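The structure under discussion appears below in the form of structure tokens.
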Amino acid sequence: MTTTVRRAAYRTFMFIVALALVVVIWETYKALGPADGGKLFGARVLPRTSSYAMPHVWDMFSRFNRPEVRGSDRTVFSAVLAGAWFSFRLSAAGFVLGGVLGTGLAVLMARFRWVQRGVLPYLVVSQTIPLIALAPLVVSWGGKLEVGPFVWPRWLSASVLGAFLAFFPIAVGTLRGLAAASASSVELMQSYAASWTKTLFKLRFPTAVPYMVPAFRLGASASVIGVVVAEISTGLKGGIGRLIIEYAREATGDPAKVYTAIFGAAALGLTMAGVVIVVDAFVMRNRPKESIS
Amino acid sequence: MTAVSIRKVSKAFNVGKSNQVDALHEVSLDVKPGEFVSLIGPSGCGKSTLLRLVANLLEPTAGEVMVNGKSAVTARLDQDYGMAFQQAGLFDWRTVRKNIELPLELKGWDKGDRQTRAEEMLQLVQLPEFADHYPWQLSGGMQQRIAIARALAAHPPLLLMDEPFGALDEMTREYMQGELLRICAATGTTVVFVTHSIPEAVYLSNRVVVMSPRPGRITKIVDVSLGGERTEETRNRTAFFEAITTVREGLRGMHAAHVGLGNDNR
């Protein structure tokens, strides 16, 4: 237990050190780099160091405390927080959707060889489609969908795109985990005349957990990326993706502002990963300590 | 009624293909209730295949396997046997107690009965204080004892073991052999035991079945009568060494024949 705590403390420390290092590099370049950027054969390969191109780190953070627009009571902080919370909920919905879809597909593929052979290549191909191209399609399909009293809300498109990115690592990781049960454990279950479903729940899923943990962690951050990109490309209001575009438009007059939204997006991703890590720690608490990931 | 009856059983893999393997050819064997029978032979002699046919984890290509007077399928569906492998194969995510309860759970026993039986089994393998440990916290020998407890939890009349002590060190191995004999005597279980070790086969068994490969068949059956209860002292008796020699000659004879055959292959 103490080693776990020590390792966690060490990781936190290294995380802070890495962050501090980025700040130091940023500020050092800003202080020492050429004002007009570095040029090579007429092409600019290094950024300009002016405050418009590279605001000070402390300007970025102090921007959080000032009003979002001149004369407003609302600070940038609360705007970013509201945006991040909005996107978080969409990502969570996308993650759950992707998790159910990915796990379901993995079970089907593990059960039926022909499903695996038929579906797996398409799953791989699906991940090569650029999300930006897919986003408007999902919005327009969703808009045409109406089942009884159910009307497709605009935010659902963003969640669906989050799920689209999340399901893939989850499906692949879970499938690998379901296939990881040793031959003798499978024979053991057979010797107990256990059905396929019983074997699935009593043997295959528990065996798959150490494979599913990193897969779900990937899925969680993927769903955040999916949602933020979907917000940007469909112009969905209320989320952190929209804030990034809006603030970026103001970059010429208020260069620090867009960074607040970017930090918000990063914090959102970390929170999502953090939630999954807490769940991981819980499900893995009684497992042998050497992990496979 | 015999505990296990094997009638002219053959098993081939990849039938009809160029890589067809005749794992077993017309093997017949009867095991009486309460008997301890070992299958011994070099790799590829089909001893594990034979065990899996009895367990109905494989279907024979020809011939008939009966367990407790039923077909092997029915016996498996009725959970008439317990099985133990070289790897203890305990489930990492279950406590020792829950591992032992697994076959009972699958049989649909209710919780109270399962707990009582698991407690009994832990007493039997003399590890009651480890009920709430996880398997990975136990030594290899302890894990194997829990695997035996799990295999016997539903009180099956037959225990099938595939080199269960193969991964243990020599000291633990001899201790486990003693434990297995004690447990089988206490429960009256019939055992079919696959092993590579001649002394192990002789020490444990009433009969040692010597098998040879290509195609897998029984070449010799050695009756082992060591008189009375088997203890550590049994390992020093002349009768013990004589039985070892007889089994070894059985294996050697076949080996010599194979060296002779082997020359054409070179």
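The values are calculated or read from the model by the stated rules, or taken from the named source; none is laboratory data. Please read these numbers as outputs of a predicted model, since none were measured by experiment. Heads up, the Cβs are rebuilt from the backbone with ideal geometry, glycines too, and the neighbour counts pull from every protein chain shown.
Summary table
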quantity: Pair list, Cβ < 7 Å and 6+ apart or interchain, from the stretch A:276-290 residues that are within 14 Å of chain B (Cβ to nearest Cβ) to residues that are modelled with pLDDT of 85 or more and surrounded by fewer than 15 Cβ atoms within 10 Å (Cβ to Cβ); calculated: A:P288/B:W136
quantity: Hits in the stretch B:201-220 (condition: of a type in the set (K, R) and over 21 Å from B:M176 (Cβ atoms)); calculated: B:R214, B:R217, B:K220
quantity: Odd one out for B:G108 among (1) of a type in the set (G, A, S); (2) closer than 24 Å to B:S205 by Cα; (3) more than 10 Å from chain A (Cβ to nearest Cβ); (4) assigned to a loop (DSSP other than H, G, I, E, B); calculated: (2)
quantity: Selection count where residues are part of a helix (DSSP H, G or I) and loosely packed, with under 15 Cβ neighbours inside 10 Å, scope the stretch A:60-88; calculated: 3
quantity: Complete set of residues in the stretch B:76-101 that are part of a helix (DSSP H, G or I), among the hydrophobic types (A, V, I, L, M, F, W, C) and surrounded by fewer than 23 Cβ atoms within 10 Å (Cβ to Cβ); calculated: B:L77
quantity: Among (1) in a loop (DSSP other than H, G, I, E, B); (2) on the phi < 0 side of the Ramachandran plot - the single one A:G238 does not satisfy; calculated: (2)
quantity: Near pairs, Cβ below 8 angstrom, 6+ apart or cross-chain, from the stretch B:81-101 (facing chain A (nearest Cβ under 8 Å) and more than 15 Å from B:A154 (Cβ to Cβ)) to any residue that is in a loop (DSSP other than H, G, I, E, B) and among the basic types (K, R); calculated: B:D92/A:R287; B:W93/A:R287
quantity: Breaking point among (1) over 24 Å from B:Q144 (Cα atoms); (2) among the hydrophobic types (A, V, I, L, M, F, W, C); (3) under 23 Å from the mean Cα position of the chain (by Cα); (4) within 14 Å of chain B (Cβ to nearest Cβ), for A:A208; calculated: (1)
quantity: Subset of the stretch B:1-54 that is polar (S, T, N, Q) and surrounded by fewer than 17 Cβ atoms within 10 Å (Cβ to Cβ) - its residue that is farthest from the chain's Cα centre (by Cα); calculated: B:S18
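Rundown of residues vs (1) out of contact with any Gly (no Cβ under 6 Å at 6 or more places or on another chain); (2) of a type in the set (G, A, S); (3) away from chain B (no Cβ under 14 Å); (4) within 18 Å of A:L108 (Cβ to Cβ), yes/no style:
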{"site": "A:F167", "(1), (2), (3), (4)": "no, no, yes, yes"}
{"site": "A:R176", "(1), (2), (3), (4)": "yes, no, yes, yes"}
{"site": "A:M189", "(1), (2), (3), (4)": "yes, no, no, no"}
{"site": "A:A194", "(1), (2), (3), (4)": "yes, yes, no, no"}
{"site": "A:K198", "(1), (2), (3), (4)": "yes, no, no, yes"}
{"site": "A:R217", "(1), (2), (3), (4)": "yes, no, yes, no"}
{"site": "A:I225", "(1), (2), (3), (4)": "yes, no, yes, no"}
{"site": "A:T234", "(1), (2), (3), (4)": "yes, no, yes, no"}
{"site": "A:I244", "(1), (2), (3), (4)": "yes, no, yes, no"}
